[in-house]
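Student: Attaching a single structure in structure tokens format; questions to follow.
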Amino acid sequence: MDISQLNNEIRKSKLLGKKLFSVVATFGTTIRGSIDPIYEIGNICKDNNIWLHIDGSIGGIFAISNYKFHNIKEIDNLNIANSITINPQKILGITKTSSLLLVDDMNKLKKAFYTGLPYIDSSDDVLNRGELGVQGSRPAEIIKLWLGLKFLGKDGIDNILSSSIRKKFLFENILDKNKFYVYSGSLHIISFEPKNMNTNQINTWSLKLKKILLENKFMISRPLHKNRYILRVVFGNFNTKESHIIELANFLNNNINE
Ligand SMILES: Cc1ncc(COP(=O)(O)O)c(C=O)c1O
């Protein structure tokens, strides 16, 4: 997110008499796993009394680890958010759905959803959790997440998260920067496209390469980025070995003209 543009938009909206209720910052973008300047955005939101939501679908899970991810920017600033979404299934292999919406103050949920339940005596000051969301009685979705985290344990989670980052950097180091433009932040996602090709050529190249790689058991994705389909690798599978990464990067380096 461009901070000066954010400031401009806030100024413009105020001039037009519009009420801004939320800014959404991203902690781990879909294409390159990059991170917005959360701290700066948080302070702007505080100054202007705007709710800050952080989309941590991809990166938020890294904050539960005790492992010190020194290279991941802003990881200690996530608590500046009023709300954050986290998708543990994206990297920990926990069954969907297990996405979380966390808020900084549970009373905000009560304020938003409370209707009063005439069939329940809520006179005690015990908070009725059925009043904290749209649904009253809810399926026990959380058991999947709890079991998954319990099964992996702290060390298991640290291992998965730290190895995903190591794998990304290994791949990035081998990929030939003379041949590819590489897009990546500090997380476990990387996208790339060949240099010296026009949009049509890149679209054809990525389609063909993706098919060839799939036949060779490499499942990589082909996201739309700035009007063209490029290639993306997400190091989200714990079973991916270093040898696979070296094989994939070398294959790409050597078959760019496929
Ligand atoms: C940055 C980001 N936000 C949100 C989502 C969507 O999450 P969900 O599948 O929980 O709707 C994705 C999915 O890949 C994502 O990459």
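The values are calculated or read from the model by the stated rules, or taken from the named source; none is laboratory data. Please read these numbers as outputs of a predicted model, since none were measured by experiment. Because the Cβ atoms are built from the backbone with ideal geometry, glycine has one as well, and the counts that use them run over all protein chains shown.
Student: Within the range 114-140, can you find the residues that are of a type in the set (D, E, K, R) and surrounded by 14 or more Cβ atoms within 10 Å (Cβ to Cβ)? Don't jump to the end; show me each part of the working.
Tutor: Of the range 114-140, the ones of a type in the set (D, E, K, R) are 121, 124-125, 129, 131, 138.
Matches in the range 114-140: Glu131 only.
Student: List every residue pair whose Cβ atoms lie under 6 Å apart, where the two residues are 6 or more positions apart in sequence or sit on different chains, the first residue falls within the range 104-123 and is assigned by TED's automatic domain parsing to the domain that holds Gly136, and the second residue, located anywhere, is surrounded by 11 or more Cβ atoms within 10 Å (Cβ to Cβ) and at pLDDT below 80.
Tutor: Between residues of the range 104-123 that are assigned by TED's automatic domain parsing to the domain that holds Gly136 and residues that are surrounded by 11 or more Cβ atoms within 10 Å (Cβ to Cβ) and at pLDDT below 80, the close pairs are Ser122/Asn128.
Student: Filtering the range 199-224 down to residues that are among the hydroxyl-bearing types (Ser, Thr, Tyr) and assigned to a helix (DSSP H, G or I), which residue is nearest to Asn239 (Cα to Cα)?
Tutor: Of the residues in the range 199-224, the ones among the hydroxyl-bearing types (Ser, Thr, Tyr) are 199, 204, 206, 221.
Within this subset, residues satisfying the condition of being assigned to a helix (DSSP H, G or I) are 199, 204, 206.
Numbers: Thr199: 34, Thr204: 30, Ser206: 25 Å.
For the range 199-224, the residue satisfying everything is Ser206.
Student: Every residue in the range 196-225 that is within 21 Å of Glu172 (Cα to Cα) and surrounded by fewer than 12 Cβ atoms within 10 Å (Cβ to Cβ), please.
Tutor: Matches in the range 196-225: Asn196, Leu214, Asn216, Lys217, Met219, Leu224.
Student: Which one is nearest to the ligand (Cβ to nearest atom) among residues in the range 82-141 that are assigned to a strand (DSSP E or B) and touching a Ser or Thr at 6+ places or on another chain (Cβ under 8 Å)?
Tutor: So in the range 82-141, the residues assigned to a strand (DSSP E or B) come out as 83-86, 100-103.
Add one more test, that the residue is touching a Ser or Thr at 6+ places or on another chain (Cβ under 8 Å), and what stays is 85-86, 100-103.
Working: Thr85: 7, Ile86: 9, Leu100: 10, Leu101: 10, Leu102: 14, Val103: 17 Å.
Residue satisfying both the conditions and the ranking: Thr85.
Student: Anything in the range 57-69 that is outside any loop (DSSP other than H, G, I, E, B), β-branched (Val, Ile, Thr) and within 14 Å of the ligand (Cβ to nearest atom)? List them, or say none.
Tutor: Within the range 57-69, the subset outside any loop (DSSP other than H, G, I, E, B) is 60-64.
After this cut, where a residue has to be β-branched (Val, Ile, Thr) as well, the list is 61, 64.
Ile61 - this is the single residue of the range 57-69 that is outside any loop (DSSP other than H, G, I, E, B), β-branched (Val, Ile, Thr) and within 14 Å of the ligand (Cβ to nearest atom).
Student: Next question. Any idea how many residues of the range 170-195 are in a helix (DSSP H, G or I) and either of a type in the set (Gly, Ala, Ser) or surrounded by fewer than 18 Cβ atoms within 10 Å (Cβ to Cβ) (or both)?
Tutor: We begin by selecting, within the range 170-195, every residue in a helix (DSSP H, G or I); these are 170-174.
This time we only want the ones that are either of a type in the set (Gly, Ala, Ser) or surrounded by fewer than 18 Cβ atoms within 10 Å (Cβ to Cβ) (or both), so: 170, 172-174.
Count: 4.
Student: Taking the stated definitions as given, is Ser34 among the hydroxyl-bearing types (Ser, Thr, Tyr), surrounded by 15 or more Cβ atoms within 10 Å (Cβ to Cβ) and within 20 Å of Ile157 (Cα to Cα)?
Tutor: Values: among the hydroxyl-bearing types (Ser, Thr, Tyr): yes; surrounded by 15 or more Cβ atoms within 10 Å (Cβ to Cβ): yes; within 20 Å of Ile157 (Cα to Cα): no.
Taking the combined requirement at face value, the residue does not satisfy it.
Student: Please state which one of Ile72, Ile54 is more than 11 Å from the ligand (Cβ to nearest atom) and either crowded, with 18+ Cβ neighbours inside 10 Å or touching a residue at least 40 places away in the same chain (Cβ under 8 Å) (or both).
Tutor: Details: Ile54 fails: more than 11 Å from the ligand (Cβ to nearest atom).
Only one candidate passes the filter, namely Ile72.
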